[in-house]
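What follows is a set of notes on a single structure, which appears directly below.
Coordinate-derived values only; no laboratory data. Because the structure is predicted, anything quoted here is derived from the model rather than measured. Glycine gets a Cβ as well: all are built from the backbone with ideal geometry, and neighbour counts include every protein chain shown.
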Amino acid sequence: MNSKNTKIAQPYAEAFLELATKNSLETTINDLNCLSTSLANSSDLKKLLSNPLVNSENKKSIIKSIFTDKIDNTTLKFLLVLCDRGRISYLSSIVEKSIELAYKAASIEIVKVTSSTPFSPSQQEALTSKLKKMTGAEQIKLEINTNPDLIGGFIVQVGSKIIDTSIQGQLRDLSSYLGASVL
C-alpha cells in the first residue's frame, strides 16, 4: 500500500470500524475477510471499481448484486457510501487497513511465516502457542508461505519484528561476519 492510499484508507477504515463494531467485531472481521477474498480472486471486480468511466450508480448496483447476501447490511451501506464519495477505487487499501485495525481491536496478531517446507498441524500449533506467549495476543493468525530457497528453518514476521532461523539467513549472517560477499 503506497503512502497516498494509506492516507486515504486510514480515516475510512477507522470510521468503518467505529460504525461496524457497534454490531459485532466478529461479524465485521468476517465481512472484511469476505471483501478481501473477493477482491483478491477477481481482478475484473478490482478493475471495474477503479474504472472512472463506470458511474457510481452502476458500481453500486454491481456491489449490491455481489454482496447483498454475503455481508452485513452496515458493511454494504459503507461500500455504497464509498461509491458516492468516489473512493470505491481505494477499496482494497481500505479493507486491508480495516482488517489490520479490526484484528488489533480483537487482540488477533497476524504473523507471516515463510518456511522451507510446509508445517505439519502440530508444528503450527506449537508455533502458535509460542507466538501467543511472545506477543501477548489472544489469537494468532498465521499466514504461511513456503520458499525452498531458505534451505531449512523459517522466518517469522510479527509486525516490524523479524525472526530469521533459516539456514539461508544464518549463511548470510556468517558471510557478512567473515566479510565475504552476500549469498
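Okay, here's what the table says:
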| quantity | calculated |
| --- | --- |
| Gyration tensor verdict on the stretch 80-144 (Cα atoms; rounded if a/c is under 1.5, prolate if a/b is larger than b/c, oblate otherwise) | prolate |
| For the stretch 107-178, share of DSSP beta bridges that run antiparallel, in % to the nearest 5 | 55 percent |
| For the stretch 8-40 versus the stretch 119-183, the gap between their alpha-carbon centres in whole angstrom | 29 Å |
| Normalised contact order of the stretch 3-104, rounded percent, pairs of Cα under 8 Å and 6 or more residues apart | 51 percent |
| Relative contact order [Cα under 8 Å, 6+ residues apart], the stretch 107-178, whole percent | 39 percent |
| Order of R172, R85 - criterion: other Cβ atoms within 10 Å of each residue's Cβ, fewest first | R85, R172 |
| Dipole magnitude of the stretch 1-137 about its Cα centre (Cβ charges: Lys, Arg +1; Asp, Glu -1), debye to nearest 20 | 320 debye |
| Contour excess over end-to-end distance, with Cα ends at N147 and T37 and 0.36 nm allotted per residue | 37.3 nm |
| The chain, relative contact order in percent, only Cα pairs under 8 angstrom and at least six apart counted | 20 percent |
| Ranked by how many other beta carbons lie within 10 Å on average, peptides 100-107, 117-124 from highest | 100-107, 117-124 |
| Neighbour-count ranking [beta-carbon atoms within 10 angstrom, fewest first] of C34, C83 | C34, C83 |
| Estimated FRET transfer efficiency (N73, Q124; beta-carbon r; R0 45 Å; 0.05) | 0.80 |
| MRE, 222 nm, helices only [DSSP H, n ≥ 4, -39500 (n - 2.57), over the chain, to nearest 500] | -19000 deg cm²/dmol |
